[in-house]
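Heads up: the structure comes next, in structure tokens.
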Amino acid sequence: MDPITRRGFLIGAAGAAGLFVVGGAAVALDAPEERSLLRPPGAQDEVRLLANCIKCDRCRSVCPTGAIVTALVEDGLAEARTPLLDFHRGYCDFCGKCLEVCPTSAIVAFDEAREKIGVAVIDESECVAFRQGGCRVCVDACPYQAISVDGSGRPVVDEAVCNGCGVCEYVCPSATYGSYSGSGTRGVNVEARG
């Protein structure tokens, strides 16, 4: 077996770097409407948000619950540093402070009764109620009564009522109980719906 030459190593490294760039470009150039990022209320129109957001970070800094974070390059090159919701850090109470501080109308006025950030989805493999039973944390915490329990004591989401505020994901204890698994999801997770 021949040892790897310097030239062979450099060609292999260049090829690997090229594949990395192509893969990153594919994510960065992916059309915004094909991805579904959780945005603050009033910022669900992805095209308008990307056209108007100057990435000033005011919405994140004023969020009283800490739910607004900024997108990373991994979320897309155009989306980097735009506002996202991270319900592991907080939840949305539809206070409108992000709208008040937005200088460019990237976040516009919204009707809390009609605004839908996303929908809570139960992850049966992570949910404590499905694995052990007896957990009602998300049911009791939901301010819209969008989560109830079925006859087996397991949570069920009413998608028509759920507005994706993230309280259920924020309070879900499954990440603590299942931390040994290394999972980044919780028993209930809010997903954007286009």
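Side notes on the structure shown:
- Among (1) more than 21 Å from residue 161 (Cα to Cα); (2) surrounded by fewer than 16 Cβ atoms within 10 Å (Cβ to Cβ); (3) among the small types (Gly, Ala, Ser) - the single one residue 113 does not satisfy: (1)
- Pairs are defined by a Cβ separation below 6 Å, a sequence spacing of at least 6 or placement on different chains, a first member in the range 131-146 that is closer than 15 Å to residue 186 by Cβ, and a second member that is open to solvent by 30 Å² or more (accessible area, probe 1.4 Å); the pairs so defined are 137/171; 139/149; 141/171.
- Count of residues meeting criterion [more than 17 Å from residue 98 (Cα to Cα) and assigned to a helix (DSSP H, G or I)] in the range 57-73: 1
- Residue in the range 110-123 that is nearest to residue 39 (Cα to Cα), counting only those that are in contact (Cβ under 8 Å) with a residue 24 or more places away in the chain and in a loop (DSSP other than H, G, I, E, B): 117
- The range 148-174, residues that are under 19 Å from the mean Cα position of the chain (by Cα) and open to solvent by less than 40 Å² (accessible area, probe 1.4 Å): 157, 162, 163, 164, 165, 166, 167, 168, 169, 172, 173, 174
- Residue ID - farthest from residue 53 (Cα to Cα), chosen from residues in the range 74-106 that are open to solvent by 20 Å² or more (accessible area, probe 1.4 Å) and part of a helix (DSSP H, G or I): 74
- Look at (1) modelled with pLDDT under 95; (2) in a loop (DSSP other than H, G, I, E, B); (3) open to solvent by 80 Å² or more (accessible area, probe 1.4 Å) and you find that residue 54 fails only one, number (1).
- Residues in the range 114-140 that are at pLDDT 95 or above, over 19 Å from the mean Cα position of the chain (by Cα) and closer than 25 Å to residue 84 by Cα: 137, 139.
Yes or no, residue by residue, for (1) of a type outside the set (Gly, Ala, Ser); (2) part of a loop (DSSP other than H, G, I, E, B):
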position	(1), (2)
133	no, yes
138	yes, no
143	yes, yes
148	no, no
153	no, yes
159	yes, yes
164	no, yes
169	yes, no
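The values are calculated or read from the model by the stated rules, or taken from the named source; none is laboratory data. Keep in mind it's a predicted model, so treat the numbers as computed, not measured. For neighbour counting, all protein chains shown are included, and Cβ atoms are generated from backbone atoms with ideal geometry for every residue, glycine included. Only protein heavy atoms, including side chains, enter the accessible area calculation; ligands, DNA and RNA are left aside. Shrake-Rupley method; radii C 1.70, N 1.55, O 1.52, S 1.80 Å.
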